[in-house]
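What follows is one structure encoded as structure tokens, with my remarks underneath.
Please treat every number below as a calculation from the coordinates, not as lab data. Keep in mind the model is a prediction, meaning the values are calculated, not measured. Every residue, glycine as well, gets a Cβ built from its backbone with ideal geometry; the counts of neighbours run over all protein chains shown.
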Amino acid sequence: MTHALNIVWNPSEGIDLGFFIIRYYSLMFVIAFGLGWYIMKNIFEREGESIEKLDSLFIWTVLATLIGARLGHVFFYDWEYYRNHLMEIILPFRFSPNFEFTGYQGLASHGAAISIIIAMYFYSKNILKRPQLWILDRVVIPVASGAIFVRLGNFFNSEIVGKETTSAFGIRFIRDKFSPRDAVNATQIANPNEAYHAIATDPKFAVLLEQVPAKHPTQLYEAFCYIFVFAILFFLYWKTEARLKSGYLFGMFLVLLFSVRIVVESVKESQGGFENELGLLSTGQWLSIPFILIGLYFIFTAEKPVKVEH
């Protein structure tokens, strides 16, 4: 089969410093949170809020994102497995059939969104001393920027890939087709990274490479769309009076971001979950609908700016 761009995607795990590897996925999270802190710092300065409260916000947001995303994956997408492996929910290990370090594989953005909303309630009440919608209207701006880098991290990890395609956008994800063990067994090369590299570049393994189908790079589709979601929210906050409408920016974020999810999910491979029981839509699409409806509610009920007469 001939692919228009014929891109073979087999990135290294990360930046090898010799004594330590900075994994690209982890690096994307660091960039996301770092940029988010910088954006919120500018917002807090504009609003006259203490930067000391920003440090607490950073901690609350990081914990809420990671915990919520993890639990979201467990309960929305893979509960049938984790109900029998409860310890693996909180520990980065697999105990059966063999003990194996897995890291925290599986993070769901819907779970992160719910967790951040809950965390912002307690943060606004106990630390910020402002209405919850005030912080939600502002924190969605760095959250939107962070979503861009999280999806780039998924791309580096060759995960959350799309359906097979013969279009010009198709990319062959070697690490999606072959597990590390499969790559080693197929090439008889002991080191998985070297085995992947051989499949991608060595003509001797051209037959193996031909087994890798081209798929939609849905991670890049989402990342590209999230750039516009971030740009719209950023513009509305800094250049208009939208920030004065309580709940408006929060609602816009929910509608824009989860509308993107619904569209991109149409070409994304199944991630599991409850879609087989409900049919018609994927799990990600079903989960996105309530967020969009809530977003529309906040957009249409947002308080208009109060004009101050001089």
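Details
- Where (1) 21.3; (2) 19.0; (3) 20.0 are the candidate values, the label of the one calculated here for Kirkwood radius over Cα pairs in Å is (1).
- Here each label is just a point 7 Å from Cα along the line to Cβ, and for Y297 and S12 those points are 5.0 nm apart.
- Ignoring lysines fewer than eight residues from K268 along the same chain, the ones with Cα atoms less than 21 angstrom from its Cα are K163, K177, K215.
- Cα-based helix-to-principal-axis angle, 192-201 vs the chain, degrees rounded to 10: 80
- Cβ-defined net charge surrounding K41, 14 Å radius [Lys, Arg +1; Asp, Glu -1]: -2
- Take the Cα radius of gyration of the stretch 109-206 and divide it by 2.2 N^0.38 Å, N being the number of residues; the result is 1.70.
- If you take all other residues with their beta carbon under 9 Å from the beta carbon of A214, and give Lys and Arg +1 and Asp and Glu -1, the sum is +1.
- This model, with +1 at the C-beta of Lys and Arg and -1 at the C-beta of Asp and Glu, gives the stretch 205-271 a dipole about its Cα centre of some 320 debye.
- Per-residue ³J(HN,Hα) for the stretch 227-244, Karplus 6.51 cos²θ - 1.76 cosθ + 1.60, θ = phi - 60°, Hz, x for Gly and Pro: 4, 6, 4, 4, 4, 5, 5, 4, 5, 4, 6, 8, 10, 10, 9, 4, 5, 7
- Length gained on full extension, K204 to L91, computed as 0.36 nm times the residue gap minus the Cα-Cα distance: 36.7 nm.
- Sequence-distant residues sharing a close amide H with W9 (under 5 Å, placed H): R172, F173, I174
- For the stretch 249-258, putting each phi into the Karplus relation 6.51 cos²θ - 1.76 cosθ + 1.60 with θ = phi - 60° gives couplings of 5, 4, x, 4, 4, 4, 5, 5, 5, 7 Hz, in residue order, rounded to whole numbers and with x for Gly and Pro.
- Dipole in debye (nearest 20) - the chain, about Cα centre, beta carbon charges: Lys, Arg +1; Asp, Glu -1: 680
- About the centre of its Cα atoms, the stretch 2-49 shows a dipole size close to 80 debye [charges on the beta carbon of Lys, Arg (+1) and Asp, Glu (-1) only; nearest 20 debye].
- Listed cross-link partners K53/K239; K129/K239; K53/K129; K125/K239; K41/K239; K53/K125 are compared with a 19 Å cut-off, the Cα-Cα value being larger for K53/K239; K129/K239; K125/K239.
- Averaged over residues, the count of other Cβ atoms within 10 Å places the peptides 110-122, 181-193 in the sequence 110-122, 181-193, highest first.
- Label zone at S50, where the point sits 7 Å out along the Cα-to-Cβ direction: the stretch 120-148 residues whose backbone N lies under 18 Å: 122-131, 135
- Formal net charge of residues neighbouring S124 (Cβ-Cβ distance under 12 Å; K, R +1; D, E -1): +3
- Of the residues N42, F155, L244, the one whose Cα sits farthest towards the positive end of the charge dipole of the chain is L244 (charges of +1 on Lys and Arg Cβ, -1 on Asp and Glu Cβ, taken about the Cα centre).
- Spin-label proximity, L35 to the stretch 211-235 - amide N less than 17 Å from point 7 Å beyond Cα toward beta carbon: 219-235
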